[in-house]
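Chemist: Before anything else, here's the structure in question.
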Amino acid sequence: QVQLVESGGGLVQAGGSLRLSCAASGRTFSSYGMGWFRQAPGKEREFVAAISRSGGVIYYADSVKGRFTISRDNAKNTVYLQMNSLNPEDTAVYYCGAGQSRGPRDREEGYDYWGQGTQVTVSS
């Protein structure tokens, strides 16, 4: 079982950057693939990025490729999302999830545990 807590969200101007963190409890963090999703008001939750247990396999949504970078530090039980060149369309609540790598990495069904989310707001 994994408990996840996101942090690092806030208000940023267009073109700016933010780094989100997702801290996990437990000793089995390295056994889980991790993903980031986001949900804007009135929209469905959508996939952003995923990283494998070892960090060797990374997958991004086309909408963020080249701007966002997902990484993990298993020694710190933390996964990160570095977000650069932000625009107002990136405004959403961002969630991290942990999965056993037995489901689809770009769908909610692929993850067993979720954090509470952190708000990212990008001003024009």
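The values are calculated or read from the model by the stated rules, or taken from the named source; none is laboratory data. All figures in this text were calculated on a predicted structure; none of them were measured in a lab. Backbone-built Cβ (ideal geometry, glycine too); neighbour counts: all protein chains shown. Ligands, DNA and RNA are excluded from the accessible area calculation, which covers all protein heavy atoms including side chains. Shrake-Rupley method; radii C 1.70, N 1.55, O 1.52, S 1.80 Å.
Chemist: Would you pick out the residues in region 3-22 that are out of contact with any helix residue (DSSP H, G or I) (no Cβ under 7 Å at 6 or more places or on another chain), open to solvent by less than 50 Å² (accessible area, probe 1.4 Å) and of a type in the set (A, V, I, L, M)?
Modeler: Hits for region 3-22 are 4, 12, 18, 20.
Chemist: If you don't mind, there's one more thing I want to ask. From the residues in region 88-105 that are at pLDDT below 95 and part of a loop (DSSP other than H, G, I, E, B), which one is nearest to the chain's Cα centre (by Cα)?
Modeler: Going through the qualifying residues, I end up with 105.
Chemist: Right, something else. Restricting attention to region 80-100, report how many residues are more than 11 Å from residue 36 (Cα to Cα), hydroxyl-bearing (Ser, Thr, Tyr) and in contact with a Ser or Thr (Cβ under 7 Å, 6 or more places away or on another chain).
Modeler: 1
Chemist: Filter region 82-124 down to the residues that are in contact with a helix residue (DSSP H, G or I) (Cβ under 8 Å, 6 or more places away or on another chain) and more than 18 Å from residue 58 (Cα to Cα), then identify the one that is surrounded by the most Cβ atoms within 10 Å (Cβ to Cβ).
Modeler: Out of the qualifying residues, it is 120.
Chemist: Looking at 79, 64, which is the one that is assigned to a loop (DSSP other than H, G, I, E, B), surrounded by 20 or more Cβ atoms within 10 Å (Cβ to Cβ) and out of contact with any helix residue (DSSP H, G or I) (no Cβ under 7 Å at 6 or more places or on another chain)?
Modeler: 64
Chemist: Is there any pair with a first residue in region 57-78 that is within 14 Å of residue 35 (Cα to Cα) and a second that is of a type in the set (Lys, Arg) whose Cβ atoms are under 8 Å apart and which are 6 or more apart or on different chains, and what are they?
Modeler: 59/105; 78/72
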